[in-house]
């Protein structure tokens, strides 16, 4: 049993190392791409900071409180995007027949798809989000429990985005080319969670909790870290449910992935 679980991880690691070696063979190009990624992603937070030049709060939250939300979701999607962002290209693999080639190899298909063209330049997003998160940390009145919740939040955030990447990329098994549809829920979800849910109607907040649970990426854990109750009146125990939400999304994503692979009948070309 342990071997069955470890083998996909080992295969993923081997393929990732090959792509990293290839990428680092051009160190100047790699450095410029990482710095460029950091600067581009930094513009998102700069835009938020500029808003606070004329307002004191947004949805009842100050700049550092929003920085906490921003950093948590940025780290989460950054880790997921770096680890498995290539799954978005499943439609390309289907159209070109590359998926047929992958199916003939003795390595789990999802591992091959996720590790294909692995690139470390996406670390720029993680680094930039981490800087914002560290800047926001002093606003929290830290206790051992809050430290634990913060660590679990970051792990759950990455896992949730992992599930969302796989889940919505699976649509391309049926549509062949719908990467932008998937982006609306992954990168779009990241954009939504950069702001407090109080800026949206209550119905949107409920949908992001019980339908597409991206509110668990950062909103509920951050409410606990900040010592706040849910402005929408939802129970406080939801602030500890991020791991459950992540597990549910990943389970659904893997079931949809298996269904898509079983439905796949080759490119036909």
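No lab work stands behind these numbers, since they all come straight from the coordinates. Remember, it's a predicted structure, so these values are computed and weren't measured experimentally. Counting neighbours? That spans all protein chains shown, and the Cβs are built from the backbone with ideal geometry, glycine included.
Quick check: pseudo-label points 7 Å beyond the Cα along Cα→Cβ at residue 9 and residue 56, how many nm apart are they?
About 5.0 nm separates the two model spin labels.
Assuming 0.36 nm per residue, please report the length gained on full extension of the stretch residue 181 to residue 248 beyond their Cα-Cα distance. Show your work: numbers first, answer last.
Numbers: separation 67, 0.36 × 67 = 24.12 nm, distance 2.11 nm.
Extra length available between residue 181 and residue 248 comes to 22.0 nm.
Could you sort the peptides 196-204, 92-100 by per-residue average Cβ neighbour count (10 Å cutoff), highest mean leading?
92-100, 196-204
Quick one: which of 76-86, 254-264 comes out on top by average Cβ neighbours within 10 Å, and what's the full order, highest first?
Values: 76-86: 23.3, 254-264: 14.4.
The peptides rank, most packed first, as 76-86, 254-264.
What fraction of the Cα pairs in the stretch 164-269, stated in percent, has a spacing above 15 angstrom?
Cα-Cα pairs of the stretch 164-269 separated by over 15 Å account for 67 percent.
Averaged across orientations, what area in nm² does the convex hull of the alpha carbons in the stretch 41-97 project?
If you wrap the Cα atoms of the stretch 41-97 in a convex hull and average its projections, you get 5.4 nm².
Above 24 Å lies some portion of the pair distances; for the stretch 2-263, what is it as a whole percent of all C-alpha pairs? Mind showing how you got there, number by number?
Numbers: 17418 of 34191 pairs.
I get 51 percent for the Cα pairs in the stretch 2-263 exceeding 24 Å.
Given a Förster radius of 25 Å and the C-beta distance between residue 92 and residue 207 as r, what FRET efficiency does 1/(1 + (r/R0)^6) yield to the nearest 0.05?
My answer for the efficiency is 0.25.
Taking each pair of different alpha-carbon atoms in the stretch 1-148 once, compute 1/r for the pair, average those values, and report the inverse of that mean as the Kirkwood hydrodynamic radius in Å to one decimal.
18.0 Å
Multiply the residue separation of residue 199 and residue 104 by 0.36 nm, subtract the distance between their alpha-carbon atoms, and state the gained length in nm to one decimal. Walk me through the numbers before you get to the answer.
Values: separation 95, 0.36 × 95 = 34.20 nm, distance 4.93 nm.
My answer for the length gained is 29.3 nm.
Running a GNM on the chain with Cα contacts under 10 Å, which residue among 158, 53, 29 ends up with the highest mean-square fluctuation?
For the chain, modelled as a Gaussian network with Cα springs under 10 Å, the answer is 53.
When the Cα centres of the stretch 31-110 and the stretch 137-212 are compared, how far apart do they sit, in Å?
Taking the Cα centre of the stretch 137-212 as reference, the centre of the stretch 31-110 is 11 Å away.
Could you check the simple spin-label distance between residue 228 and residue 47, using points 7 Å along Cα→Cβ, in nm with one decimal?
Distance between the two pseudo-spin positions: 2.1 nm.
Run the paramagnetic zone check for residue 152: 7 angstrom along Cα to Cβ, then residues of the stretch 47-77 with backbone nitrogen under 18 Å.
Answer for this model: 72-73, 76.
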